[in-house]
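Can you read through this structure? Questions will come right after.
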Amino acid sequence: MAEEKKVVVENENEDGDSAEINLQMNAPEEAEEVPDAAAQIEQLKADLAAKDDRFLRLQADFDNFRKRTAREKSEIAAVIEQAFLKDLLPLLDNLSRASDAAESAENVDAETLRKGIEMIKQETVAVMGKHGLEPIEAVSKPFDPNYHQAVGTIQDSTKEDGIVAAELQRGYIARGRVIRPAMVQVVSNS
């Protein structure tokens, strides 16, 4: 329903003419917009409810994923731990045999016992190396607080200050990470 208005503009020119301008104005059709607005509101409410439902489902899926991942990590850790313990069983068997031999023999040769213990030690080092354990080299190396723990100092004029003079307890690295620093004594001549 367009409404038409006439506007008369009078010119003050010599001829005394006046000009007429017709303007058309469109009035808003309020009767049609009200049902559309109500329908839009209902549609927006339905969309919001659907998005809320989707959000809750995604959140539940993420929680399930997190729990499943934690459970899988735990299971993998258990398998790795079992494999490691299985590799240690021969060491335990050899230590038991050595202990039994030392108890049952009346005349145990100290050299034979030492050799047996040395073999068990080498086997232990091999098993640990198989699982990524490496000893930290310390003696005659510069002191590094990332790998060494200084528990004392020694004066030694034949070595420079800051050099590791003695290792009191061996340190170890597993897959690039220090799991125990070497306990050392460091040269300090000052």
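Bear in mind these aren't lab numbers, they're just calculated from the coordinates by the rules spelled out. Being a predicted model, the structure only gives us computed values, none of them experimental. Here the Cβ positions follow ideal geometry from the backbone for every residue, glycine too, while neighbour counts run over all protein chains shown.
By DSSP, what percent of the beta bridges with both residues in the stretch 135-190 are antiparallel, rounded to the nearest 5?
In the stretch 135-190, DSSP labels about 60 percent of beta bridges as antiparallel.
Here is a follow-up. Just report the Cα centroid separation between the stretch 73-102 and the stretch 145-187, whole Å.
Taking the Cα centre of the stretch 145-187 as reference, the centre of the stretch 73-102 is 30 Å away.
Go through the stretch 137-151 residue by residue and turn each phi into a ³J(HN,Hα) via Karplus (6.51, -1.76, 1.60, θ = phi - 60°); whole Hz please, and just put x for glycine and proline.
Once rounded to whole Hz, the list reads 6, 10, 4, 6, 9, x, 5, 10, x, 6, 10, 10, 10, 6, 10.
So how compact is the stretch 43-135: Cα radius of gyration and Dmax in angstrom?
Gyration radius and largest Cα-Cα distance of the stretch 43-135: 28.0, 96 Å.
So how far apart, in nm, are the two label points at residue 96 and residue 159 if each is 7 Å from Cα heading toward Cβ?
Here the modelled spin labels are 4.2 nm apart.
Classify the stretch 135-190 as rounded, prolate or oblate from the Cα gyration tensor: take a ≥ b ≥ c as the square roots of its eigenvalues, call it rounded if a/c is under 1.5, otherwise prolate when a/b beats b/c and oblate if not.
prolate
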